[in-house]
1. Pull up all non-local amide H partners of V35: gap of 5 or more, or a different chain, and H-to-H distance under 5 Å with H placed in the peptide plane.
2. Take every DSSP beta bridge with both residues inside the chain and express the antiparallel ones as a percent of the total, to the nearest 5.
3. Sorted by average packing, counted as other Cβ atoms within 10 angstrom per residue and highest first, what order do 115-124, 186-195 take?
4. Given H placed on each backbone N at 1.01 Å, which residues far from F327 in sequence or on other chains put an amide H within less than 5 Å of it?
5. For every helix of n ≥ 4 consecutive DSSP H residues, a contribution of -39,500 (n - 2.57) applies; sum these over the chain, divide by its total residues, and give [θ] at 222 nm rounded to the nearest 500 deg cm²/dmol.
6. Mind listing the phi-derived Karplus ³J(HN,Hα) values for the stretch 368-378, rounded to whole Hz, using 6.51, -1.76 and 1.60 with θ = phi - 60°, and x for any glycine or proline?
7. Roughly how many Å is it from the Cα centre of the stretch 294-350 to that of the stretch 25-98, as a whole number?
8. Between the helical axis of 136-150 and the dominant principal axis of the chain, each derived from Cα atoms, what acute angle in degrees is found, rounded to the nearest 10?
Amino acid sequence: MERPASPQMASSSPDSPCSCDCFVSVPPASAIPAVIFAKNSDRPRDEVQEVVFVPAGSHTPGSRLQCTYIEVEQVSKTHAVILSRPSWLWGAEMGANEHGVCIGNEAVWTKEQVGEGEALLGMDLLRLALERSSSAQEALHVITGLLERYGQGGSCLEDPAPFSYHSTFLLADRTEAWVLETAGRLWAAQRIQEGARNISNQLSIGTDISVQHPELRTHAQAKGWWDGQGAFDFAQVFSLTQQPVRMEAAKARFRAGQELLQQWQGGITAEVMMGILRDKESGICMDSGGFRTTASMVSVLPQDPTQPCVHFLTATPDPSRSVFKPFIFGVGVAQAPQVLSPTFGAQDPVRTLPRFQTRVDRRHTLYRGHQAALGLMESDQDRGQQLQQKQQDLEQEGLKATQGLLASEWAPSLQELGSLFQAFVKRESQAYASAS
């Protein structure tokens, strides 16, 4: 994997491999009366991403909460969340809560310097927002408030060479979406009330700013980045003057994502979003050098509040050879053990100082089975095709079941809804075990 030559450069270099793609469709772009959210998480190719369910909780007033690197003040009540996260950290790359709020985040570099100190990671901000908000707009306020109070910073890779960045976010709920883009403690946000939108490792909000940090423009003027005349274009003012090669590649993915969304305008479904996440030609489904798509997520958020939100998660790399499995918040929901990584307590390399001096095996059961399955697909064409067909059949079963649910053709109990993800994870694990 590529690494900058020195720790100083590593803390902020946009030449380092890092990419993600987030998508959202708001009616009338969606084929059904629902907001549809999707994300590919592109991370170091050997990094394990786990899917973690955290129930709602009540907390002692004044208590503290340990995030990846720093503590923050805990709130009295937190919502239940499902998270897809790199297994070494506290936050998450993407996730949803029991109120139908979904968030994905991405790395971005701007003219604003990336700080060297440890603070909240963008992934920590994502989880905190899911635990503390009941709408996308409220989640935006949570993130910007925490950003103002604690800042963002710290290494975003499990590696002794520090690697830091700022974050952009795509936030969605049953009625709308927001794009939130940050530069240090500064930020701008755009409200999406109809149509389709995507983000890809670059600033994308121009003059169409819905809300912003109160000091955003004065700071830009003080730095000499904006003369105070005419329209204020956030992306133009805060983007790096000379874009490095990998940021140019992000532009190409962003344009490809826009085109794919446009092609499906008015007909976007969960299955369409899965197809976009599997698009290798565009680079959206990444497998390049030291990086690849390590996990993926698609969510259907019906506008009808009586219908449940459905979240499809892979918990495994390469969505083109993974199964999107349905998760629904319900009475019987619990952690699926097959997608939970082992823990190492106080001896975890992220907890011992200096950090990340050793490596530990974080592979969970499903990840191990999936890796063996990928090897089989490459070494034995016939058996590999049979296994991939099993993957496709299992995914189709989940899609049809949830489509029936949203069309009122299937009326499961709350217990059945809550155990849906666990059942699909178990069956996928069994398929890999029998194939090996």
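The values are calculated or read from the model by the stated rules, or taken from the named source; none is laboratory data. This one's a predicted model, so the numbers in the text were calculated from it and none came from an experiment. Cβ atoms come from the backbone with ideal geometry, glycine included; neighbour counts cover every protein chain shown. The protein model used for the area step is the full one, side chains on, heavy atoms only, and it has no ligands, DNA or RNA in it. Shrake-Rupley method; radii C 1.70, N 1.55, O 1.52, S 1.80 Å.
1. Here the answer is L301, Q303, since their amide H atoms fall under 5 Å of that of V35.
2. The answer is about 95 percent antiparallel.
3. So the peptides 115-124, 186-195, ranked by packing, come out 115-124, 186-195.
4. Counting only residues 5 or more places away or on other chains, the set is H311, F312, L313.
5. Taken over the chain, the calculation gives -9500 deg cm²/dmol.
6. The phi angles translate into 4, x, 5, 4, 5, 5, 4, x, 5, 4, 8 Hz.
7. Between the Cα centre of the stretch 294-350 and that of the stretch 25-98, the gap is 10 Å.
8. 50
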